[in-house]
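The values are calculated or read from the model by the stated rules, or taken from the named source; none is laboratory data. Note that the structure is a prediction, hence the values are computed from the model and not measured. Ideal geometry is used to build each Cβ from the backbone, glycine not excepted, and the neighbour counts take in all protein chains shown. Note: accessible area is taken over every heavy atom of the protein model, side chains too, but ligands, DNA and RNA are not part of it. Shrake-Rupley method; radii C 1.70, N 1.55, O 1.52, S 1.80 Å.
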Amino acid sequence: MAPLLVLKIDVDTYRGTLEGVPNLVRMLSRHAAGATFLFSLGPDHTGWAMRRALRPGFFQKVSRTSVVEHYGFKTLMYGVLLPGPDIGVKGAAEMRAARDAGFECGIHTWDHVRWQDNVRTRDARWTDAMMQKSEQRYAQVFGEAPHTHGAAGWQMNLPAFRRHDSQGYAYASDGRAMLRENGALADPQAGPYRFQGMRHIQMPTTLPTLDELLGREVDGVELSTQNIAAHLLQLTADNRRDHVYTLHAELEGQKLAPIFEQLLSGWKAQGYQLASMADYYEKIKHDPLPEYPVQWGELPGRSGELIVLDTET
């Protein structure tokens, strides 16, 4: 059986929903690729993210990844100088179009910035209220209950994980596997697992994201738009196994689309099946999986701590 290259698409913003999602639907359809779109369903408050300016590494990442170029000045004003548009209302047609084109859909969050910046320290009441909003909006948009989730900024807490079980989610992708400086897996075998005492399966992202690599020097080479696809393809060639790759509608669906085209073609040439999270679940649902506690850690090229799978602790 061919290894899976699971394409997990985080949709963070209003612009990403209206422009990036349709672009990705067309691109993925040309490649006969499976994928999972995870939608932000409430207000776009991207401008609030500038409060992260005091975090270590924030400005370094911003300068490397050209945030204004990729997200647009207007998006960066939402919640600051402009009211944040309600993505689940104004972008519902684009969301349903992705579903109607045959792609799996799920929940990313209600309010991306509010969730990412607060959830780690909030209690069950706050968490349940936020998740219930996104669940209700998802049902309004798609006419059915949600069945999977991928956390904004890979930020979660225990009540959020427990809610996955209470809502009957069989699987989610809320965290990351630990990576080395060059983006390779710290543990080449790290993959799906369960949290201790919980039923749902976690499918951690096993590859670095483009914004974590762009502009960094890795093994003496600065990664740019000209060579970053080759670097990622080398990682999947060196460790040929099932992988989860997180992409963003605002990046791979817009300015970085040519790089994503290279990746799709390259992964197919390497013999990977381009798949959704649902495809992955069907492959592994009966496998005996390890259990781990909830862990936090840092990854190369990304500021702050996030949910990680660290098999060495």
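Here are a few things to note about the model shown:
- For region 210-250 versus region 1-35, the gap between their alpha-carbon centres in whole angstrom: 17
- Label point at Glu291 placed 7 Å out along Cα→Cβ; residues across region 178-205 whose backbone nitrogen lies under 12 Å: 194-200
- Solvent-accessible surface (1.4 angstrom probe) belonging to Asp128, in square angstrom, nearest 10: 50
- Overall, the anisotropy analysis places region 1-44 in the oblate class: the square-rooted eigenvalues a ≥ b ≥ c of its C-alpha gyration tensor yield a/c not less than 1.5, with a/b not exceeding b/c.
- Per-residue [θ]222 nm for the chain (sum of -39500 (n - 2.57) over DSSP H runs n ≥ 4, rounded to 500): -10000 deg cm²/dmol
- The overall shape of region 235-313 is oblate: from the C-alpha gyration tensor, with semi-axes ordered a ≥ b ≥ c, the ratio a/c is 1.5 or greater and a/b is no larger than b/c.
- Between Ala101 and Ile284, the contour length at 0.36 nm per residue exceeds the Cα-Cα span by 63.4 nm.
- Pairs exceeding 26 Å between alpha-carbon atoms, taken from Lys8/Lys285; Lys8/Lys90; Lys133/Lys268; Lys255/Lys285; Lys133/Lys283: Lys133/Lys268; Lys255/Lys285; Lys133/Lys283.
- For region 90-179, the calculated P(r), taken from all Cα-Cα distances in 10 Å bins from zero up to the bin holding the longest distance, is 15, 51, 28, 5 percent.
- Within the accessible area of region 206-313 (1.4 Å probe), percent carbon and sulfur: 45
- Whether region 196-290 is rounded, prolate or oblate, judged on the alpha carbon gyration tensor where a/c under 1.5 counts as rounded: prolate
- Exposure check, 1.4 Å probe, all protein chains in place: Arg302 carries approximately 40 Å² of accessible surface.
- Cα Rg, Dmax, the chain, angstrom units: 17.9, 52
- For the chain, the solvent-accessible area with a 1.4 angstrom probe is 41 square angstrom per residue.
- Measuring with a 1.4 angstrom probe and ignoring ligands and nucleic acids, Glu181 comes out at about 120 Å² accessible.
- The stretch between Gln196 and Val89 holds 34.8 nm of extra length on full extension. This uses 0.36 nm per residue minus the Cα-Cα distance.
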